[in-house]
Structure formats: structure tokens, C-alpha cells
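The values are calculated or read from the model by the stated rules, or taken from the named source; none is laboratory data. Quantities reported herein were computed from a predicted structural model and do not represent experimental measurements. Every residue, glycine as well, gets a Cβ built from its backbone with ideal geometry; the counts of neighbours run over all protein chains shown. Calculation scope for accessible area: heavy atoms of the full protein, side chains included, ligands and nucleic acids excluded. Shrake-Rupley method; radii C 1.70, N 1.55, O 1.52, S 1.80 Å.
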Amino acid sequence: MNKFSKKTAKGMSVALTVAMGAACSALMLGCAPVEGEPAAQAAAAPEAPTAETPKSEQPDQASPGAASTGKYSPVKARDRDFYAPNTEDLGPDEMRLVACGTGMPTARPKQAASCWLLELGNGDKFIFDIGTGSAERVSALQIPYNYLDKVFLSHLHTDHFGDLDALFVGGALAGRQKALRVWGPSGATPERGTKYALEHLQKALTWDLDGRQGLTDPRGYHMEVNEFDYMGMNEIIYEENGVTIRSFPAIHSLDGPVSFVVEWNGFKFVFGGDTYPNQWFAKYAKGADVAIHECFIAVPDMIEKFKFTPQGALAVGTQIHTAPEAFGKVMSMIKPRMAVAYHFFKDFDTTAAISDRIRTTYDGPLSLSIDYMVWNITKDDIRVRMAVVDEDVWPPPATDKPQLPDPNDRIPYSDEISSGRLNMKKVLQPTYDEINKQYGLKEKQE
Ligand SMILES: [Zn+2]
Ligand SMILES: [Zn+2]
């Protein structure tokens, strides 16, 4: 019998004892009801800090908190049950996964499109998909951009790479002083491959990039594109620093989409991207610690809320994408320590239908994901929480010294445009004087 700690949607911790091989924590909404669970046990004392609980959160010995005394104090903080970015160390044998986009192609305030940040205890960080709206979520995590230089694209739908330009340029501006490395699949023709898409994306950014020459640290405005064969069967596409990433094909829209498997330190993380249920996922995702697979809105809600025709809802909701019942079936086949469903609008009136349908085919650990859901994964536990983010956050400081650009690299205005400048010398000189004095400089106006 293992301890199975479980969190409710409101974050209340309850201790449960279940006959399961692996221990996990999961949101109540997303977790299988445990057969024969005595209801009274659910009201047990607050969960003791686990090995993953940061020291700062553990009740201190001299003044025991609620966890050790069983009493609450009117002046002492209780254990925190949310994730605050930039406040927790990651253990050497721990992974942290953050949902930075869980929604649909049309991004909305509550849900950006597909994006997943995987942080490893060895310091490596990987972004899987960077769908529309997700760059903002990534920024909320307060991670220096020099560490956010590796992106893996499951396929070239905009809901899976629509914010690559934002991460590319915005990241370089905010401290990524090296090329952005991107891995993505080939297509059935060269024009349908990642290389073609990203070469043209960079061409589309010509005006943007030209205008920054000579003004900012130039090192980040490059992309290293690594296109790999979309037909590769669990083939290695990345192997560095003890981390191996493989890809295998997905079935979605056209030839080209893939799924990824990350292996590190005995952990296995799988990101499916978009796919109809397929035999390769069933094979290569088996036994994953965390397996993310798409799960579409239930067909009746596609008709009612999305205004699909019944025929269209059946086709898109069950054949192009994976219906909740089919998601459950796939997870029953691979039996992950934690199944993660995404690619649906998660609302008060859509979630129950998705959950009920998944539960007709799967009764294991489950997270119905939403943006800013966070998983801390160790060998003994998977802790699931929500991140609480600061809307006022600024980009974190650059981790390396900025390189001053060569002003000679600037592309000048034409004489005609230049001649339209109003004379602001008198107005601006006090600012030059102020900054020159403060920093010991001799900067002059143009
Ligand atoms: Zn897609
Ligand atoms: Zn998609």
C-alpha cells in the first residue's frame, strides 16, 4: 500500500491510501475516483511537506507550523499549494512541466494554443510547441531567455508554432544572446517541411531584423533550424547533456506531424502533438511518467457551442482529432503515471462531458489541462498545482553581459525621411547629461 497524495481543484490537500504501484498527486477533476476509499480519510490532516517542498516552505523546527502540530496559527503562513515562478529550486532528480498553452487554434484570454515547457533538474529547458499566444505565458515564468533556446515543433499548424516569431525576436531582445534552436519535422514535399517554413518566417521578418542592426546585441537574431525525417520511427533527433529526444509519426491533417519522447535520468516524457489515435503512440509512449495527448471537445458540445454541423463535428471531433473516449482508450493502452489531456476549451460547461467520456475507457491518473498547470515529477510523486503569475512581470535580467552593437551596422534612413526629424536637441540634452554623468559616459546626440 502506498501513500497517494491528492489535491482537490481548490488546492486542499488530502492524504489517501491506495493500492497502487505509483504515487501521484492530481487535481480532483482529473483524477480517478479510488474504489473503496473511506470518505472520512479525505479529511485527514494537511499533507506534510514532501521532498520536493522547498525549504522555505517547510515549517521551521523552532516554531512548528500547522503540519506538525495539527493546529493552525493566526500569524504563521501555511504551506503554499500553488506554484509561484522564480521561487522554487528544481531538484537534481526532478522535472517540472508547465502548460503554457492548452487551447485551440483561436487563442483566447484563458487559453493560448499548444505550448509546453519542460524543465529538467540538470538545468536543461525545452519548449514543445509555441502556439499562438503562448509566448506571453512563457514570459510569466520569469526564466532568463538564454535558457529558452530549444524549441521542438510537433507540426506546422499555427496553433503549434504561431508564436515562434515572438519568442525569436522578443527573446533575443530580452537576453537570449545566442541562436534560437528549433527542431521540426520534414513534410511530404520540401515546401511542407520545417526548414522551408522557418526560412520564410525569417524572410518575413526582414524589415524587423534589419531595423535592429547596430542597435541591439546582435547575437540572438539567428535561428538554427534542425529538420528531421517525419517518418522516423522512434529515431533520435537530439542527444546532449544526458537527454535523448526521439520522434515518431503522428496522424493529423497531412503527412508531417510527429510526437516526441524525452528520456532523461530514468524519466520518460511524451508529447503527442496533434494526432488521431495511432499505433506508434501506443507503442512508444508506453509506461511514460507523463504522457500528453490531444483530447478534443465532446461532439455534442462542438455542435451546441461551436456551432458545427453534426456531420462536421463528427468528422473533426472524432476523425481529424482524438475524441475524449479515444483519448481514454489510448491512455489505457500506455498506462502513464500521469495522462495529460489538452486541445479543448476547458470551461465549467465543457469539462464534465470530456471527463465523463474519458472515464468510460480510462480510470488512471489524469490531468485535464489548462494554461499554467504545473507538474513536479519525481520518482515517487507527481505533484500537480496551478501557477500563480504576476501580470506586472518584466523580462528577467540577461545571464551574460550584453555585447554592444557596432553603430556602423545601422541601416540609415533616406535623406527624405531623415529631413522630417524635428529638432529636439534642447529637449533631450538634459537626459544625455543626466545619463552621461551617472554612468561616466560621453554619449552625444545624433
Ligand atoms: Zn494541428
Ligand atoms: Zn492543434
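Data overview
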{"read-out": "Note, ³J(HN,Hα) from phi for the range 264-275, Karplus 6.51, -1.76, 1.60, rounded to Hz, x at Gly and Pro", "value": "7, 6, x, 9, 10, 10, 10, 10, x, x, 9, 6"}
{"read-out": "Overall Cα dimensions of the range 269-312 - principal axes, largest extent first, Å", "value": "37, 18, 13"}
{"read-out": "Accessible area expressed per residue, the range 184-340, with surrounding protein chains retained (probe 1.4 Å, Å²)", "value": "44 Å²"}
{"read-out": "Cα centre as origin, Lys/Arg/Asp/Glu Cβ charges: the range 340-412 dipole, Debye", "value": "280 debye"}
{"read-out": "D_trans [Stokes-Einstein, Kirkwood Rh over alpha-carbon pairs] for the range 328-401, 20 °C, 1.002 mPa s, µm² s⁻¹", "value": "144 µm²/s"}
{"read-out": "Proximal lysines to LYS283, defined as alpha-carbon separation beneath 28 angstrom and excluding residues fewer than eight positions away on the same chain", "value": "LYS125, LYS150, LYS268, LYS329, LYS335, LYS379"}
{"read-out": "Distance (nanometres) between label positions extended 7 Å along Cα→Cβ at PHE306 and THR360", "value": "1.7 nm"}
{"read-out": "Ranked by how many other beta carbons lie within 10 Å on average, peptides 343-349, 186-192, 153-159 from highest", "value": "153-159, 343-349, 186-192"}
{"read-out": "Rg to Rh quotient for the range 281-347, alpha carbon positions, Kirkwood Rh", "value": "1.04"}
{"read-out": "Förster radius 41 Å - calculated FRET efficiency between ALA84 and TYR413, Cβ distance, rounded to 0.05", "value": "0.35"}
{"read-out": "Stokes-Einstein diffusion coefficient of the range 73-189, Kirkwood radius over Cα pairs, 4 °C, 1.567 mPa s, in µm²/s", "value": "85 µm²/s"}
{"read-out": "Assigned charges on the beta-carbon of Lys, Arg, Asp, Glu; the range 299-384 dipole about Cα centre (debye)", "value": "240 debye"}
{"read-out": "Calculated P(r) of the range 209-288 - Cα pairs past 14 Å, %", "value": "67 percent"}
{"read-out": "Cα→Cβ-extended label distance, 7 Å offset, between LYS195 and ASP349, nm", "value": "5.0 nm"}
{"read-out": "Within the accessible area of the range 204-272 (1.4 Å probe), percent carbon and sulfur", "value": "50 percent"}
{"read-out": "Rounded to 5, percent antiparallel among DSSP beta bridges of the range 235-379", "value": "60 percent"}
{"read-out": "Dipole in debye (nearest 20) - the range 89-211, about Cα centre, beta carbon charges: Lys, Arg +1; Asp, Glu -1", "value": "140 debye"}
{"read-out": "Dipole of the range 227-361, positive direction: furthest Cα of VAL299, MET231, THR309, with charges on the beta-carbon", "value": "VAL299"}
